[in-house]
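S.K.: Pasting a structure here, questions to come.
The numbers here are math on the coordinates, done by the rules we state, and not lab data. Given the structure is predicted, the values throughout are model-derived calculations rather than measurements. With ideal geometry, Cβ positions are generated from the backbone for all residues, glycine too; neighbour counts draw on all protein chains shown.
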Amino acid sequence: MTGRFDPAVADVRWQKRWEDERCFIADTDSGKPKTYVLEMFPYPSGRIHMGHVRNYTMGDVLARYRRMQGFEVLHPMGWDAFGMPAENAAMERGVHPDGWTRSNIAAMRDQLKRLGFALDWSREVATCDPEYYGHEQALFLDLYEAGLVYRKESEVNWDPVDHTVLANEQVIDGKGWRSGAPVERRKLSQWFLKITDFADELVDGLKTLDAWPDKVKLMQENWIGRSDGLRFRFKLVGEGAECDYPWVKAALACSPEVEVFTTRPDTIFGASFVAVSPDHPFAEAIASQNPDAARFIADCKSVGTSEEAIESQQKRGFATGLEAIHPLDPEWRLPVWIANFVLMEYGTGAIFGVPAHDQRDFEFAREYDLPIRRVVARPDQDKDTPIGDEAEHGEGVIVNSGFLDGLSVEEAQDAVIRRAEEGGWGKRETAYRLRDWGVSRQRYWGTPIPMIHCSGCGPVPVPREQLPVLLPENVSFDIPGNPLDRNESWKHATCPKCGGDARRETDTFDTFVDSSWYFVRFASQPMDKPFDKADAESWLPVDQYIGGVEHAILHLLYARFWTRALKHIGRLDIDEPFKGLFTQGMVTHETYRGIDGRWLSPDEVRKDDSGQLIDAAGASVTRGRVEKMSKSKRNTVDPEPIVAKYGADAVRWFMLSDSPPERDLEWSIGGIEGAARFVQRVWKLATTASAEGEGADPALTRKLHRTIAAVGEAIDALQFNKAVAQLYELVSAIEKAPPSASRAEAVRVLVRLAAPMAPHLAEESWAALGQDGLVANAEWPKFDPALLVEDQVTLAVQVNGKLRDTLTVPRGLDRTEAESLALASEKVQRQLGGEPPRKVIVVPDRLVNIVA
RNA sequence: GCCCCUGUGGCGGAAUGGUAGACGCGCUCGACUCAAAAUCGAGUUCCUAACCGGAGUGUCCGUUCGAGUCGGACCAGGGGCACCA
């Protein structure tokens, strides 16, 4: 049983064995403690990439480690199978999205299996299975009945290339997240989920997530954007002759008051105008009677939503001629404007402007010559210090503000809110940046929204017994847009209420709906309902969730919302879906460009004799930055041939080495070769160093026990790179040690320690060592705490904090002895130059620091 | 603009306030070989030919017997949000 370890043979052998013995099928009813390890499920693009390999290897190490520790582990895999690429393929190649997706899934499942992941394939789920999305439709109806779903005519982000509506989260820098096309605004009737009902819970819940990265919690907190302030009303009046203008009458008829929200009620005496959004009903009322206003509003809307457009846009306004009465001074009138920078979606869609202390208000005031009045002064300023070239934001004392003068910003905020609540013209309120979640998408390849539109009854839910609403198969993609909308026979429905002719909802769900509950379906998958409450709760929450940081906001927030919504309707008694979260870094690679500036892929580049990079034709190549593997930069490395050449274990090992898992990992051929060398070194030990030798080797045994402790600790903390380094050290130590019984034992332990990372090698070695059963089922080695400490320790001897000498002494040497040994050191004496030390600090078993 | 993170050899990175550079990659030298590959051994922060010694964790300042680690200011790189009142 010697020679080289051959992954081509071993990988397949053990993968089959694990499958035959149903090793990784999770048993909900076993008496063992349960743990749920989950990696974000992939989109079935057709091939796995290095990012997948890294992600799933990390999860697999944890799952296998927990198994060996005696846990019943749920470690499932599935497919986030709906989405636009399938439709794009349909359009480009004339294949059906379903067939395209299914064959991609088959190919990727194969690839994943070749990496030897300890997955429970019996629970495999694809979101495009009617068995999955039918239950999703049922859950949606549950939420609908609970009042968490509503329909709203709303302005949406319209992607002109993909012909679909995008969520705010899918608009990046004003461009569609997939197409990259500048997003336009359109009005459409959409289904919304009331995620804002849960805004407070979703912020407060973050505090309970102590096994989440702070970065992700912070991003979610900022995204929800909770801020406290005052909501209050201004009474409106017309002034003089303007009272008779038709638009003034129309506005006052629409509303005799305008309501605003502010986080700075303390600056209320600094107000110099009131402004409403161009989308505000009040503005629309004016526009209906005033063509200039109508033109102004139309202008505002024509501006794109791109970052550049917003950034460079001038503050512009339309003076309505109306005035607002200051709530704290009935004599004081503020002009009312329609202003392009006021958002309808935030707060009340109206503001009062304080130019001195808000940059936007400041710019607006400059533009239209409105008063700029200081109401907060720093200690070095007084009430008459003019405001400079921009608004001031700092802390200070309130000035020019009547009864508020002399108060701090915070005191003044409380005072104004109290006054407003007593006077009945306003109240304390919290505003959120978070908007409700629009889930309608004008696409074919998604979950059909189970609703029917009846001209008489309005939107009516599809009766439960008619679920699932299946996607029709006979569709064509030869023209852009939603094929469901053109499918007359599918579209036609009977109204469940009145029995009349009706039209089926042709929109499908945002795919983030599909991924908002798949982890629940993994835990429990009965035929007749989405999940069984008790079974699901026996696994949930997910103990460790692993995926890319790009989902820090979208997916993770939606899944948290969905879980809370399920709790709200009594379907699942879980607050948070993911107890632990880990966001792994990307896999990166150098980029290369040829002489003509084109990107070159790594296999088109080689080194010439002098070490210069050249392309196939021998032309010189410039080395670019190390970047995330991407098709556009052509710096991807396909895992499949690498696995075929080096074996699954070498690839897995390399994915875990070198870089800490949360950071980026740079792919290198040297790295994978190093990993392959390690595999052979372990194999050599397993086949040569096990049987021979007698007697104890206490030093090696200590090293072994320290390694057991350190590797376990590192995996628990998901610091795989450290676990890897520990195993390298142990292997070196065993290789150097002379034959002994301790050495043979060390090899048997080493194989188990390496098993989560290199499972095929470990099984093959375990068998070679003559051990019974599978190492996958073996027990994780235990360490003896007494063996973690050495008898002899190395004392560092410092003079003035600088290392001058080291001493090997017995552990537990007392302070005075340590001190005298240190002072006796020749090197210390030379440093002291005959002077007595001023002070000596002794840290037992660590160091002696002599202050000269 | 606001919020956050990260700066350590040629490279990826280790280091409960206590011997900076574990481990890997790369490189150098050596062994084996007719030769090469593979493998094994030794070395590898910088300055000093070498020793002795000195410098050194982005920069500056501070706290401490002692700072990569703690505090402050700055510089550089990266990320998130962004007309959110």
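S.K.: Taking 0.36 nm per residue of separation and subtracting the Cα-Cα distance, what length does fully extending A:Arg677 through A:Asp414 add?
M.R.: Net length gain for the segment: 87.8 nm.
S.K.: Let me ask something else about it. What Rg and what Dmax come out for region A:570-689 when only alpha-carbon atoms are used, in angstroms?
M.R.: Calculated on Cα positions, Rg and Dmax stand at 19.4, 70 Å.
S.K.: For region A:46-110, what number results from the quotient of the Cα radius of gyration and 2.2 N^0.38 Å?
M.R.: 1.48
S.K.: Additional query: Considering every Cα-Cα pair within region A:638-701, what fraction, in whole percent, is farther apart than 18 Å?
M.R.: Summing the P(r) tail past 18 Å for region A:638-701 gives 51 percent.
S.K.: On a full-extension model of 0.36 nm per residue, what is the gain between A:Val161 and A:Asp382, subtracting their alpha-carbon distance, rounded to one decimal in nm?
M.R.: Separation in residues times 0.36 nm, less the Cα-Cα distance, equals 73.9 nm.
S.K.: Sticking with this structure for a sec: Can you pull the one-decimal nm distance between simple spin-label points at A:Ile841 and A:Met219, each 7 Å off the Cα toward Cβ?
M.R.: Each label point is offset 7 Å from its Cα along the Cβ direction, giving 4.1 nm.
S.K.: Which value, to two decimals, describes the C-alpha radius of gyration of region A:708-852 once divided by 2.2 N^0.38 Å?
M.R.: Relative to the 2.2 N^0.38 Å estimate, region A:708-852 comes out at 1.49.
S.K.: Taking a label point 7 Å from the Cα of A:Arg623 along the Cα→Cβ vector, which residues of region A:571-611 have an amide N closer than 19 Å to it?
M.R.: Inside the label zone: A:588-611.
S.K.: Quickly estimate the mean residue ellipticity at 222 nm for chain A, helices only: each DSSP H run with n ≥ 4 gives -39500 (n - 2.57), and the total goes over all residues, rounded to 500.
M.R.: Calculated from helices alone, the mean residue ellipticity at 222 nm is -11000 deg cm²/dmol.
S.K.: Suppose every K and R has +1 on its Cβ and every D and E has -1 on its Cβ; what is the size of the dipole of region A:8-116 about the Cα centre, in Debye to the nearest 20?
M.R.: For this selection, approximately 400 debye.
S.K.: Around A:Ala754, under 12 Å between beta carbons, what's the net of Lys plus Arg minus Asp minus Glu among the other residues?
M.R.: Here the count lands on +2.
S.K.: Right, here's the next one. In whole Å, what are the extents of region A:118-227 along the principal axes defined by its C-alpha atoms, from largest to smallest?
M.R.: Between the extreme Cα coordinates on each principal axis of region A:118-227 lie 42, 41, 35 Å.
S.K.: If you keep only loop residues by DSSP, which trypsin sites (Lys or Arg not before Pro) in region A:12-113 have at most 15 other Cβ atoms within 10 Å of their Cβ?
M.R.: Hits after loop and neighbour filter: A:Arg22, A:Arg47.
S.K.: Which translational diffusion coefficient, to the nearest whole µm²/s, is obtained for region A:193-240 from the Stokes-Einstein equation, given a Kirkwood hydrodynamic radius over C-alpha pairs, 10 °C and 1.306 mPa s?
M.R.: Result for D is 117 µm²/s.
S.K.: If the convex hull of the alpha-carbon atoms of region A:400-473 is projected onto planes in all directions, what is the mean projected area in square nanometres?
M.R.: Across all orientations, region A:400-473 yields a mean hull projection of 11.1 nm².
S.K.: Can you tell me, using C-alpha contacts under 8 Å and at least 6 residues apart, the relative contact order of chain A as a whole percent?
M.R.: Taking the mean separation of contacting Cα pairs over the length of chain A, I get 14 percent.
S.K.: Using a simple spin-label model with points 7 Å from Cα along the Cα→Cβ vector, what separation in nm is obtained for A:Leu470 and A:Gln69?
M.R.: Label-label distance for A:Leu470 and A:Gln69, simple model: 4.6 nm.
S.K.: Give the residue list of trypsin sites (Lys or Arg not before Pro) in region A:568-619 that are DSSP loop and have at most 14 other beta-carbon atoms within 10 angstrom.
M.R.: Sites meeting the loop and neighbour criteria: A:Arg598.
S.K.: Between Rg and the Kirkwood Rh of region A:802-844, both from Cα atoms, what is the Rg to Rh ratio?
M.R.: 0.94
S.K.: Using the Cα centre as the reference, give the magnitude of the dipole from point charges on the C-beta atoms of chain A (Lys, Arg: +1; Asp, Glu: -1; all else neutral), rounded to the nearest 20 debye.
M.R.: In debye, rounded to 20, chain A gives about 1780.
S.K.: Report the label-to-label distance for A:Arg47 and A:Thr208 in nanometres (one decimal), using points 7 Å from each Cα along the Cα→Cβ vector.
M.R.: Placing both labels 7 Å along Cα→Cβ, they lie 4.4 nm apart.
S.K.: What FRET efficiency would be calculated for the residue pair A:Glu694, A:Gln313, taking the C-beta separation as r and a Förster radius of 56 Å, to the nearest 0.05?
M.R.: After rounding to 0.05, the efficiency reads 0.10.
S.K.: Follow-up. Taking all pairs of different Cα atoms in chain A, averaging 1/r and flipping that mean, what Kirkwood radius in angstroms comes out?
M.R.: 32.3
S.K.: In a Debye calculation with equal point scatterers on the alpha-carbon sites of region A:1-118 and no solvent, what is log10 I(q)/I(0) at q = 0.11, 0.17 Å⁻¹?
M.R.: -0.48, -0.95
S.K.: Percent relative contact order of region A:742-801, based on C-alpha pairs within less than 8 angstrom and at least six residues apart?
M.R.: Answer for region A:742-801 is 28 percent.
S.K.: Ok, one more. If you look at just the Cα atoms of region A:487-632, how large are its Rg and its Dmax in Å?
M.R.: 25.6, 83
S.K.: Please compute the length gained on full extension between A:Thr430 and A:Asp6, using 0.36 nm multiplied by the number of residues separating them and subtracting their Cα-Cα distance.
M.R.: 146.3 nm
S.K.: Only Cα pairs under 8 Å and at least 6 apart count here; give the relative contact order of region A:78-162 as a rounded whole percent.
M.R.: 31
S.K.: Taking K and R as +1 and D and E as -1, what net charge do the other residues with C-beta under 11 Å from the C-beta of A:Glu779 add up to?
M.R.: +3
S.K.: Moving on to the next point. Among all helices in chain A defined by DSSP H, which have a length of 18 Å or more along the axis from Cα atoms plus a Kyte-Doolittle mean of at least 0.5?
M.R.: Long hydrophobic helices here: A:741-754.
S.K.: Starting from the Cα coordinates of region A:173-293, work out the convex hull volume and express it per residue in Å³.
M.R.: Taking the convex hull of the Cα positions in region A:173-293, it is 212 Å³ per residue.
S.K.: Among A:Thr588, A:Leu328, A:Ala138, whose Cα sits farthest toward the positive end of the charge dipole of chain A (+1 at Cβ of Lys/Arg, -1 at Cβ of Asp/Glu, about the Cα centre)?
M.R.: Among A:Thr588, A:Leu328, A:Ala138, the one farthest towards the positive end of the dipole of chain A is A:Thr588.
S.K.: Within chain A, what's the longest run with no GluC sites (Glu not before Pro) in a DSSP loop and at most 16 other beta-carbon atoms within 10 Å? Give the range, please.
M.R.: Segment A:22-238 is the longest.
S.K.: Then there's this: What does the charge count near A:Gly585 come to, summing +1 for each Lys or Arg and -1 for each Asp or Glu among other residues with Cβ under 15 Å from its Cβ?
M.R.: Result for the neighbourhood of A:Gly585: -3.
S.K.: Do the alpha carbons of any pairs in A:Lys194/A:Lys529; A:Lys152/A:Lys497; A:Lys215/A:Lys301; A:Lys152/A:Lys579; A:Lys497/A:Lys529; A:Lys215/A:Lys315 sit beyond 28 Å of each other, and which pairs?
M.R.: In this structure, A:Lys215/A:Lys301; A:Lys152/A:Lys579; A:Lys215/A:Lys315 exceed 28 Å between Cα atoms.
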